[in-house]
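Here is the structure we will look at.
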Ligand SMILES: Cc1cc2nc3c(=O)[nH]c(=O)nc-3n(C[C@H](O)[C@H](O)[C@H](O)COP(=O)(O)O)c2cc1C
């Protein structure tokens, strides 16, 4: 079975070294045929929000992107993802987040999920794991965003098997001198190899990081009104403290998550309701929009 590693850091940098340890360990289980991609080798045009893929989906037509497969390397990259049974994304923290190239890719996934009319994960299950690395301990949003990207590339199924974070490794390749992190990466690779081929419904998370959400395995909380929410899964809950230990009591389970069939249906229903209201008011919207057209001239870059 195929295990694809995508590195979003520097060539032979810390992300790549950890990823290579994971891939090597996976290969040594005898269960994985491994492949490495450096994301910055791929030219990926950003989504410009044209909504072509969304409109085609609403019309029940095969999805397409305004960028054709020859415009950039995005669809080639997706072909590698689609051919994989396992996926590991390794990325550094850039301003608390993974580098922009990862989110540029993520924003295009809408159309690729249905590339050639086939949903990315319909024909086979795919498991994933995340590796994050930071130069300091300012890494808060890096793993959650990598995990979200993994989820989208698993056809919006929460098939995360493991995740790891290595901090305080700023200089290029310095992680090579952190045996604990290297061993942890190898363990992650073995776990992914073991999990590959598991049917979607049976994929189990075996990570050991402190987490708050039992679905996406992240440790972030969002305060909205008088409730706490998982910003990734959208479940609501309340927090309590007992013997100095904070815990969150979730009001819903996995079946109500953003990534469940229920969540997908809610999202679709809400979006279509909004679109219907917009369509009914299109003339008014066009008129209101026109009023703002000539207010301010955008400052363009100057090129010699
Ligand atoms: C633009 C930029 C922003 C960075 N922001 C952070 C940050 O917010 N937190 C952090 O811990 N490290 C930050 N770093 C350091 C990198 O995460 C660190 O050097 C990492 O090891 C790079 O991984 P790589 O070797 O795989 O490229 C930043 C580095 C760059 C270049």
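Whether any residue in the stretch 12-27 is free of Cβ contacts under 8 Å to residues at least 12 places away in the same chain, under 20 Å from residue 149 (Cα atoms) and within 16 Å of the ligand (Cβ to nearest atom) is what I want to check.
Among the residues of the stretch 12-27, not one is free of Cβ contacts under 8 Å to residues at least 12 places away in the same chain, under 20 Å from residue 149 (Cα atoms) and within 16 Å of the ligand (Cβ to nearest atom), which makes the answer no.
Before we move on, is residue 78 at pLDDT below 95, closer than 23 Å to residue 157 by Cβ and surrounded by 13 or more Cβ atoms within 10 Å (Cβ to Cβ)? Full working, then the answer.
Values: at pLDDT below 95: yes; closer than 23 Å to residue 157 by Cβ: yes; surrounded by 13 or more Cβ atoms within 10 Å (Cβ to Cβ): yes.
Against the criterion (at pLDDT below 95, closer than 23 Å to residue 157 by Cβ and surrounded by 13 or more Cβ atoms within 10 Å (Cβ to Cβ)), residue 78 qualifies.
Would you confirm, using the coordinates I've provided, whether residue 39 is touching a residue at least 40 places away in the same chain (Cβ under 8 Å), within 20 Å of the chain's Cα centre (by Cα) and on the phi > 0 side of the Ramachandran plot? Reasoning before the result, please.
Numbers: touching a residue at least 40 places away in the same chain (Cβ under 8 Å): yes; within 20 Å of the chain's Cα centre (by Cα): yes; on the phi > 0 side of the Ramachandran plot: no.
So residue 39 fails the test.
Across the stretch 154-182, which residue is nearest to the ligand (Cβ to nearest atom) among those that are free of Cβ contacts under 8 Å to residues at least 60 places away in the same chain and more than 20 Å from the chain's Cα centre (by Cα)?
Going through the qualifying residues, I end up with 170.
With the checklist (1) within 16 Å of the ligand (Cβ to nearest atom); (2) out of contact with any helix residue (DSSP H, G or I) (no Cβ under 8 Å at 6 or more places or on another chain) in hand, flag the one item residue 6 doesn't pass.
Unmet condition: (2).
Find the strands (runs of 3 or more DSSP E) located wholly in the stretch 159-272 whose residues include 2 or more that are surrounded by 16 or more Cβ atoms within 10 Å (Cβ to Cβ) and in contact with a helix residue (DSSP H, G or I) (Cβ under 9 Å, 6 or more places away or on another chain), and list them. Before you say what the answer is, go through the steps one by one.
Values: elements: 160-166, 222-224, 227-229, 236-242, 245-250.
Qualifying strands (runs of 3 or more DSSP E): 160-166.
Tally the residues that are farther than 28 Å from residue 25 by Cα, in contact with a strand residue (DSSP E or B) (Cβ under 9 Å, 6 or more places away or on another chain) and in contact (Cβ under 8 Å) with a residue 12 or more places away in the chain, restricting the search to the stretch 63-81.
Of the residues in that region, 4 qualify.
The values are calculated or read from the model by the stated rules, or taken from the named source; none is laboratory data. None of these values were measured; they are calculated from a predicted model. We place every Cβ from the backbone using ideal geometry, glycine too, and count neighbours over all the protein chains shown.
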